[in-house]
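Read through the structure below, which is laid out as structure tokens, and then see the notes.
The values are calculated or read from the model by the stated rules, or taken from the named source; none is laboratory data. Since the structure is predicted, the reported quantities are computational estimates derived from the model, not experimental observations. Using ideal geometry, Cβ is built from the backbone for each residue, glycine included, and neighbour counts are taken over all protein chains shown.
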Amino acid sequence: MGQGVIVVGAGPGGMATAYLLAAHGLPVTLIEQEPQFDRVFRGEGLMPSGVQALIEMGLGDCLASIPTRKLDAWDFYVEGQRRMRVVEPWSQTGLPPTHIIHQSALLAAIAERAQALSNFQFFPGWQVRDLFHQGDRIIGVQATQNGETRDFTGDLVIAADGRYSRLRKLAGLSLTQAATQFDVLWFKLPAPADMLCETVFTVCLQQQRQFAFYPSWDDRLQIGWIVEKGQGKKMGDRDWIAEFAQALPPKLATHFQQHRADLVGPIFLDVMVGYAPQWSTSGLLLLGDAAHPMAPNRAQGINMALRDAIAIANHLVPWWQQGHTAATLPDCLTAIQVQRQPEITTAQKLQLEEWEKIALITASPLTYQPFQVLANALGRLGITQQAWLHQQRYLRYGLSPVTLQV
């Protein structure tokens, strides 16, 4: 024993976990199949819970060093008319604001911090193909790059390789998918100058159109169009500018039409929501979306993975310091799931309830028309706005505090 931890997947959860463990003295090998952090789409939202997690890890300065936007408010449009604005409460609560981040830059900043540690090794561009076993225990992985094969062995493999986790399947761990599922199409478009003066997350709703957008770190609008599960790949040939324009106020609709040639997308996101009943097996632990793939609303995938990283460090660092024996590892891994499962279950339930409400409201004129009346009458009331914030509290701040204790 004593070879350390192998983390597979250098997304937010994998990168943060690898850094935290290495910073506390564990030998860590991080393997990532992509040669660079930049890719077509990465999640950009950090709720206050995710920002606080980075601060807990001592990585707040990494967040401060990258392109970000702090969210100011939420606007809700029905039939092209703004019916409710909810101002972000961070100036009153003292808690961190929601951030729109350049995720690739954040990963690079954390990687640079980790690579300064002598007990950290990073292997970008290596794709894990298989697991190594010693008896019934997983002791490492086999990875390839440009025809070269390399074996990595350790005391524990942490699978942070996403919702379609290859390691989860290789380890024989199952995934239970939620009954409610949906997909998202993502687009980018240059933002109007007046939308860059503040950062507002805008939700647009019609009976046949449900989408949202916000000004991103790169001064473009990030637009997400919600579709029923399985419908996304069938919608690529639409006149998307015309679709958006019908649900926008006239001035913004004109801006979209003037920038028709600048539209990027759609990029199809096959959303998967579910959980692994068992997050670990002998010598392997699932992390983030590999253990509990999240829906995209409120960016819970990033936030929950960062909070997972703190829980993992809180359990694995003492295990390592106390001799890191194979006999004591299963209880340690089980304790991580026991600690994190309630928050994950709550967040997924709230995410799916939000989508189910939208689906119900827009299913028929019998439900949509009464909703319009209520939105017109109640949206401008402070009590309605506070009720929305209260309903969102667990998606914003998490179920309970997650603090680094090592």
Is the stretch 330-350 home to any residue that is surrounded by fewer than 17 Cβ atoms within 10 Å (Cβ to Cβ), in a helix (DSSP H, G or I), among the acidic types (Asp, Glu) and modelled with pLDDT under 95? no
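Is there a residue being surrounded by fewer than 24 Cβ atoms within 10 Å (Cβ to Cβ), without any contact (Cβ under 8 Å) to a residue 12 or more places away in the chain and farther than 24 Å from residue 123 by Cβ anywhere in the stretch 67-77? Let's see the steps before the verdict.
Kept after step one, since they are surrounded by fewer than 24 Cβ atoms within 10 Å (Cβ to Cβ), are these residues of the stretch 67-77: 67-77.
From what is left, the residues that are without any contact (Cβ under 8 Å) to a residue 12 or more places away in the chain are none.
There is no residue in the stretch 67-77 that is surrounded by fewer than 24 Cβ atoms within 10 Å (Cβ to Cβ), without any contact (Cβ under 8 Å) to a residue 12 or more places away in the chain and farther than 24 Å from residue 123 by Cβ.
Please work out if residue 45 is touching a residue at least 60 places away in the same chain (Cβ under 8 Å), crowded, with 20+ Cβ neighbours inside 10 Å and in contact with a Gly (Cβ under 7 Å, 6 or more places away or on another chain). Break it down into steps so the answer makes sense when it comes.
Numbers: touching a residue at least 60 places away in the same chain (Cβ under 8 Å): yes; crowded, with 20+ Cβ neighbours inside 10 Å: yes; in contact with a Gly (Cβ under 7 Å, 6 or more places away or on another chain): no.
When the stated conditions are applied, residue 45 does not pass them.
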The correct count of residues that are on the phi > 0 side of the Ramachandran plot and either in contact with a Lys or Arg (Cβ under 7 Å, 6 or more places away or on another chain) or buried (at least 19 other Cβ atoms within 10 Å of the Cβ) (or both) in the stretch 1-42 is 2
Of the residues that sit in the stretch 183-208 and are more than 17 Å from residue 87 (Cα to Cα) and of a type in the set (Phe, Trp, Tyr), which one is farthest from the chain's Cα centre (by Cα)? 187
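Is the stretch 302-313 home to any residue that is at negative phi, outside any loop (DSSP other than H, G, I, E, B) and among the basic types (Lys, Arg)? Don't jump to the end; show me each part of the working.
Here is the first cut: in the stretch 302-313, the residues at negative phi are 302-313.
Okay, now just the ones that are also outside any loop (DSSP other than H, G, I, E, B), so 302-313.
Next cut, among the basic types (Lys, Arg) only: 307.
Yes, because at least one residue in the stretch 302-313 is at negative phi, outside any loop (DSSP other than H, G, I, E, B) and among the basic types (Lys, Arg).
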Those residues that are assigned to a strand (DSSP E or B) and among the hydrophobic types (A, V, I, L, M, F, W, C), I need them from the stretch 89-110; list them, please. 100, 101
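In the stretch 354-362, is there at least one residue being under 20 Å from residue 226 (Cβ atoms) and at pLDDT 95 or above?
Applying the first criterion (under 20 Å from residue 226 (Cβ atoms)) to the stretch 354-362 yields 354-362.
Filter again for at pLDDT 95 or above, leaving none.
Taking every residue of the stretch 354-362 in turn, none turns out to be under 20 Å from residue 226 (Cβ atoms) and at pLDDT 95 or above.
Is it the case that the stretch 155-166 has a residue that's in contact with an Asp or Glu (Cβ under 7 Å, 6 or more places away or on another chain) and over 29 Å from residue 360 (Cα atoms)? Show your work before the answer.
Applying the first criterion (in contact with an Asp or Glu (Cβ under 7 Å, 6 or more places away or on another chain)) to the stretch 155-166 yields 162-163.
Filter once more, keeping what is over 29 Å from residue 360 (Cα atoms): 162.
Yes.
Conditions (1) acidic (Asp, Glu); (2) over 25 Å from residue 278 (Cα atoms), marked per residue:
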position: 331; (1), (2): yes, no
position: 339; (1), (2): no, no
position: 347; (1), (2): no, no
position: 361; (1), (2): no, yes
position: 375; (1), (2): no, yes
position: 379; (1), (2): no, yes
position: 387; (1), (2): no, yes
position: 403; (1), (2): no, no
Residue tally, condition assigned to a helix (DSSP H, G or I) and in contact with a strand residue (DSSP E or B) (Cβ under 6 Å, 6 or more places away or on another chain), over the stretch 158-167: 1
Verdict on residue 113 being assigned to a strand (DSSP E or B), modelled with pLDDT of 95 or more and not assigned by TED's automatic domain parsing to the domain that holds residue 223: no
Out of 389, 350, report the one residue that is under 24 Å from residue 299 (Cβ atoms), assigned by TED's automatic domain parsing to the domain that holds residue 308 and aliphatic (A, V, I, L, M). 350
Within the stretch 60-73, identify whether any single residue is farther than 13 Å from residue 101 by Cα and either in contact with a His (Cβ under 6 Å, 6 or more places away or on another chain) or not assigned by TED's automatic domain parsing to the domain that holds residue 291 (or both), and answer yes or no. yes
Conditions first: (1) within 27 Å of residue 99 (Cβ to Cβ); (2) in contact (Cβ under 8 Å) with a residue 60 or more places away in the chain. Residue 221 passes all but one, so which condition is the exception? (2)
When you go through (1) under 27 Å from residue 299 (Cα atoms); (2) assigned by TED's automatic domain parsing to the domain that holds residue 46; (3) part of a strand (DSSP E or B) one by one for residue 227, which number turns out not to apply? (2)
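Using the structure shown, decide if residue 363 is outside any helix (DSSP H, G or I) and either farther than 22 Å from residue 341 by Cβ or touching a residue at least 40 places away in the same chain (Cβ under 8 Å) (or both). Let's see the steps before the verdict.
Details: outside any helix (DSSP H, G or I): yes; either farther than 22 Å from residue 341 by Cβ or touching a residue at least 40 places away in the same chain (Cβ under 8 Å) (or both): yes.
Yes: the conditions hold for residue 363.
Let's see how each residue does on (1) touching a residue at least 24 places away in the same chain (Cβ under 8 Å); (2) among the charged types (D, E, K, R):
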residue: 86; (1), (2): yes, no
residue: 118; (1), (2): no, no
residue: 131; (1), (2): yes, no
residue: 163; (1), (2): yes, yes
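Being assigned by TED's automatic domain parsing to the domain that holds residue 37 and either in a strand (DSSP E or B) or of a type in the set (D, E, K, R) (or both) narrows it down to one of 86, 128, so name that one. Please lay out each step first, then the result.
Values: 86 fails: assigned by TED's automatic domain parsing to the domain that holds residue 37.
Unique residue meeting the criteria: 128.
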